[in-house]
Amino acid sequence: GESVGLHLPTLSVQEGDNSIINCAYSNSASDYFIWYKQESGKGPQFIIDIRSNMDKRQGQRVTVLLNKTVKHLSLQIAATQPGDSAVYFCAEGASGNTPLVFGKGTRLSVIA
Amino acid sequence: DAGITQSPRYKITETGRQVTLMCHQTWSHSYMFWYRQDLGHGLRLIYYSAAADITDKGEVPDGYVVSRSKTENFPLTLESATRSQTSVYFCASSGNFAGNYGYTFGSGTRLTVV
């Protein structure tokens, strides 16, 4: 979910378990959402995106769910691996008229 | 990230000095962005550019200057660096605001102002 104060929320999961990372977005006009992964010392990398005319989209080991009613987005990672350890954050955009707005991120820590 | 490069990778500068961070992309993307990333704040937009010679302020533009004389380059200048500008700076590019597959980010410049 979104960070509170100065510390990123952290999700710790056992290797092989499924992970669910949540994001609350603020703009009801947002119609495009992206999940990014950021490994230590690197720039953010695109994972998966979804448009507001969908409520679910699947990729390889990842699924994004969108609930527009409560303005909530989640990223599900199946069979979490050590290489999934990173900071994950969501981004929202509105009809391509303004720059994407990024959430503050959640740190995923995978326990081997 | 192949196609978008930032330099330098690390920079230490003194308060009051001018410093320029470079960003170069090879995709001919129209849009380019500068973000700063600080713990507790996530990615905050400093400036962006929709095309050569077109730039706009983002959320935190004070103390920064940008230019875009060529599509592929988007340098960010701190005219008189302050300690509050110590941060990791990311450049990104995209074909449009929303991006198909979002924005592509560089590897970042870690700037320390002492």
Which of the aspartates and glutamates could a cross-linker span from A:Lys68 if the Cα-Cα distance has to be under 19 Å and same-chain partners fewer than 8 positions apart are dropped?
A:Glu2, A:Asp31, A:Asp49, A:Asp55, A:Glu92
Does chain B come out rounded, prolate or oblate by the C-alpha gyration tensor, with a ≥ b ≥ c the root eigenvalues, rounded set by a/c under 1.5 and, if not, prolate when a/b is larger than b/c and oblate if not?
prolate
Length-normalised contact order of the range A:10-111 in % [C-alpha pairs under 8 Å, at least 6 apart]
38
Within 10 Å of each Cβ in A:91-99, how many Cβ atoms from other chains are there, averaged over the peptide?
5
Determine, for each peptide in A:65-71, B:84-90, B:25-31, the mean count of other beta carbons within 10 angstrom over its residues, then list the peptides with the highest first.
B:84-90, B:25-31, A:65-71
Hey, got the average number of other protein chain Cβ atoms within 10 angstrom for residues in B:79-85?
0
For the range B:61-76, in residue order, the Karplus 3J(HN,Hα) values (coefficients 6.51, -1.76, 1.60; θ = phi - 60°; whole Hz; Gly and Pro = x) are x, 4, x, 10, 9, 10, 8, 8, 7, 10, 4, 7, 10, 8, x, 10
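FYI, it's all coordinate maths here, none of it is from the lab. On a predicted model such as this, the values are computed, not experimentally measured, just so you know. Here Cβ is always computed from backbone atoms with ideal geometry, including for glycine, and neighbour counts include all displayed protein chains.
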